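Student: The structure that follows is given in the form of structure tokens.
Taken together, the values in this text are just the output of simple stated rules run on the coordinates, not laboratory data. All values reported here derive from a predicted model rather than from experimental measurement. Note: ideal-geometry Cβ built from the backbone for every residue, glycine included; neighbour counts use all protein chains shown.
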Amino acid sequence: MLDYVYTGWGAFSATMFMFVPFALMAYYVIRRKSLVDTGPTSLQPSEFAPLEGIWLTFAFIFFVVVNLASLKFIPWATASAAVTGEPEVHVDFTAKSWSYDISNRQIEAGKPVRFSGRSSDTQHGFAVYHPDGRVLFTMLMMPNTAKPTSVVYTFKEPGKYKVRCLEYCGIAHHAMQDELTVVKSN
Amino acid sequence: MSIASAIVNNTPIFGKMFTVDKSTGLEEINAWPALMIMSSFVWLAVAGLLGLVMPTTQIFDLSSDHFYTTLTLHGAALTFPFSFQLMMGVGLHRSGGCVGKAITGWLPALSWLSMNLGAAILTVAVLMGLKVSVVVMFPLPLVGAQMGIWSMESVIVGFTGIYLVLSCMILWYPLLVFKMLFFGKKRAELVLSERSLNEPGMLGMILAAATLLLTGLPLVVVGTTLLLALYKIIPMSLAAWAAEPVVFQYTFYLFAHNLMEAMALMVASAMYATLPLYLADGSRKLYSEKLANLALWILLVTSVTSGLHHFITFYPNQPAALSYWGNIMSWGTGLGAAISIFTVLATIWQHGLKAEPGIIAVLVGWALYILDGASAIVTSNIVWTYQLHGTMWQSGHFMTVILAMSMMWMGVLYHHYPVLTGRKLDPALGRLYIKMMTIGSFGAAIVMLAGGAAGMPRRFAAWNQEGWMLYGHLILIFGLILGASFVVYLYNLMKSREISAPMGELARA
Ligand code: HEM
Ligand SMILES: [Cu+2]
């Protein structure tokens, strides 16, 4: 369940979870008070106060819970050697317009991989796509940084994983692609 | 007659929509705003069409160069000379009438000129080949020139244009607002509906102008340095610090992010000012002014630093602590939105609503803004941004925020139009516009978010893989409806009829 929430479509669902109830409520209030029953309400301002409190408390709690529950999915925190005790595999790459230089394109499933990347000219991205088309994570590289941009990710399933640049980098940006192969671990 | 009126009167087609009513004696608060509003719609007409060109180039597999050219022009023209300028025009007219001060002199002229001349020069640069998208992606302009993708001349022309546009937003417009609100004498004959600066309707204007000025100043320094080097007035070695990608990008986003928040403050404040005028019981009161102001302050305070969410995937170059900070502050703006939701709905529930097209457009635009806000805080969460950054989700969010604010301003303009021009709009056309824009804008927003959720990249000339073209077709369909809604809106302005009663009386009624 949480695994689904913290994906792209989970983000879409969360957005709709916030928007749809609001939209229904707004539609109801505006329609009713402009067409059906346009007079002032008999409710006193003081009677709104509890509603105000409940609404804001609900929003606050929802915001806190969503963000706290996401913590363990942050790709700096998860699967790092310190957490799992497993040694990290290193994949280093350099991005330049419009290709990648990748130290190692073959990766074993189940092993935490530390991706570390730099750019040698302008801003670039490095997004790894699951074979089913989802984005697993994306990285942003600028030239001249002291450290490489870096995340840790553990692949679960073998397959071909597309790499795409998601930072616009000029007229052949869309052609800036590569591929990683994830194989069964032995 | 002022220069502004003369330009409006001599502009074909669009001029007719915004000819200022001279009989009211209000030309001093109407002429420059009318010119700004008119110019903004000229840009919309051109750049809206370019919006339709983008999915078309993809569906018919035309050259990727065309896609990136239209992408750059579309984003830049709709953000700056359309949306910002529309806001500037309607906002100035509105606050002029609230404080009874003329909008004349060199500041409005400079604001208008730097915005439109700058945008025109930038357009020339893009047509010369500079395809850097609305956010410049520094150091892409310089790298592209080194690689020979576009010429160094186009970079210099482009930076000149951007610099002029920025000078309007960071200097001339905020200075104009401060001058108007805090200096000069109030003239009774210019007061249309008096407001104090503490009311939510004015507070937002002040906070927004201050935000633009303060968060923009670092960019002015960096931009000036770079421009001087490009013009060879100072040696490049002196500008090297400003050309450092991290320096440029952070200064740019400190401003760009707050530009969006400032525009939000301004439009929220216009909504708080307009809604009370349409309450059914004539009470003209918000549910709570204090709560309304609180929402504006929360938005202001949280937004200044929430722009750090743009660089979360840059870890560890952006330290984790700053990313957490950006994440939390972004969700803090959500609390401001929750408060504004309560204020608006409680106000309507308490007093009833006269559902005229102007206020309904404002409210639908505001609902679109809430949808956008939800998508924005979601993508500011560290985990989600790792999967959404750089996808169509981000384009959807950017376009929707601009679209929502524009729709709100178009509603506010609908309200002020009779005072501006002495002419009346047709409510049936007004309602048709609202219906079409609702379908087009919510449709396009949801489709673009869905595309992003599915991994479809933004600013990417090859949609025809992984099933993304489905979203491309839907964007075109909703885009056509959206484009048609603008045609209806402008047609209504063109067809507007003279009001027989002297407008000066009506305006003060
Ligand atoms: C008329 C129908 C429209 C269509 C079909 C359309 C289409 C699009 C598309 C496909 C994109 C995404 C490009 C990409 O990232 O790959 C986009 C971006 C954008 N659109 Fe529109 N659009 C339309 C109208 C508008 C309007 C009216 C506004 C402003 C009020 C607007 C503002 C923007 C902005 C600011 C962006 C972001 C540009 C960027 O991130 O580089 N669009 N539009
Ligand atoms: Cu790239």
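Student: Percent antiparallel among DSSP beta bridges with both residues in the range A:86-183, to the nearest 5?
Tutor: Close to 70 percent.
Student: Another question, then. Show log10 I(q)/I(0) for the range B:1-194 at q = 0.08, 0.10, 0.17 Å⁻¹, two decimals, from a solvent-free Debye sum over equal Cα scatterers.
Tutor: Here the Debye-derived log intensity ratios amount to -0.32, -0.47, -1.05.
Student: Determine the relative contact order of chain B: mean sequence separation of Cα pairs under 8 Å and six or more apart, normalised by residue count, in whole percent.
Tutor: After rounding, I find 16 percent.
Student: With no solvent and one equal point scatterer per Cα, compute the Debye intensity ratio I(q)/I(0) for the range B:208-331 at 0.13, 0.16, 0.19 Å⁻¹ and report its log10, rounded to two decimals.
Tutor: Here the Debye-derived log intensity ratios amount to -0.67, -0.86, -1.03.
Student: How much net charge surrounds B:P200 when only the other residues with a Cβ under 11 Å from the Cβ of B:P200 are counted, with Lys and Arg +1 and Asp and Glu -1?
Tutor: Neighbourhood net charge equals 0.
Student: Using only alpha carbon pairs under 8 Å that are at least six residues apart, calculate the relative contact order of the range A:86-183 and give it in whole percent.
Tutor: 32 percent.
Student: How far apart, in nm, are two points set 7 Å out from the Cα along the Cα-to-Cβ line at B:S63 and at A:F58?
Tutor: 5.5
Student: Can you bin the protein assembly as shown into rounded, prolate or oblate? Criterion: square roots of the alpha carbon gyration tensor eigenvalues sorted a ≥ b ≥ c, rounded for a/c under 1.5, prolate for a/b above b/c, oblate for the rest.
Tutor: prolate
Student: Straight-line reach from B:K424: which lysines fall under 24 Å, measuring Cα to Cα and dropping same-chain residues less than 8 apart?
Tutor: B:K16, B:K22, B:K354, B:K435, B:K495
Student: Continuing with the same structure: Nearest-5 percent of antiparallel DSSP beta bridges in the protein assembly as shown?
Tutor: Roughly 75 percent of the DSSP beta bridges within the protein assembly as shown come out antiparallel.
Student: Would you kindly give the portion of the calculated P(r) for chain A that falls above 21 Å, as a percent of all Cα pairs?
Tutor: It works out to 64 percent of all Cα pairs.
Student: Over the range B:212-295, calculate the relative contact order: mean separation of alpha carbon pairs under 8 Å at least 6 apart, over the residue count, as a percent.
Tutor: 26
Student: Counting only other chains, and only Cβ atoms inside 10 Å, what mean value do you get across the residues of B:385-395?
Tutor: Averaged over the peptide's residues, the number is 6.
Student: Once a ≥ b ≥ c are taken as the square roots of the eigenvalues of the Cα gyration tensor of the range A:2-73, is the result rounded (a/c under 1.5), prolate (a/b larger than b/c) or oblate (a/b not larger than b/c)?
Tutor: Judged from the Cα gyration tensor, the range A:2-73 comes out oblate (a/c at least 1.5, b/c at or above a/b).
Student: How charged is the neighbourhood of B:K354? Take every other residue with its Cβ under 13 Å from the Cβ of B:K354, and add Lys/Arg as +1 and Asp/Glu as -1.
Tutor: Around B:K354, the charge tally is 0.
Student: With the Cα gyration tensor of the range A:86-183 giving a ≥ b ≥ c as the square roots of its eigenvalues, does the rule (a/c under 1.5 for rounded; else a/b larger than b/c for prolate; else oblate) give rounded, prolate or oblate?
Tutor: Here the range A:86-183 falls in the oblate category.
Student: Another one. What is the extension gain from B:N464 to B:R284, computed as 0.36 nm multiplied by their sequence separation minus the C-alpha to C-alpha distance, in nm to one decimal?
Tutor: Difference between extended and current length: 59.5 nm.
Student: Going by how many other Cβ atoms sit within 10 Å of their own, how do B:K131, B:K185, A:K72, B:K101 line up, fewest first?
Tutor: Ordered by Cβ neighbours within 10 Å, fewest first: B:K185, A:K72, B:K101, B:K131.
Student: First select every other residue whose beta carbon is under 10 angstrom from the beta carbon of B:S395; then total the charges, Lys and Arg +1, Asp and Glu -1.
Tutor: Its environment carries a net charge of +2.
Student: For the range A:81-186, which GluC sites (Glu not before Pro) are in a loop by DSSP, counting at most 14 other Cβ atoms within 10 Å?
Tutor: Answer by residue number: there is no such site.
Student: As an exercise, identify the chymotrypsin sites (Phe, Trp or Tyr not before Pro) in the range B:160-189 lying in DSSP coil whose Cβ has no more than 12 other Cβ atoms within 10 Å.
Tutor: Taking the range B:160-189 and a limit of 12 other Cβ atoms within 10 Å, the loop chymotrypsin sites (Phe, Trp or Tyr not before Pro) found are B:F183.
Student: Return the percentage of antiparallel bridges among DSSP beta bridges fully within chain A, rounded to the nearest 5 %.
Tutor: Rounded to the nearest five, the antiparallel share is 70 percent.
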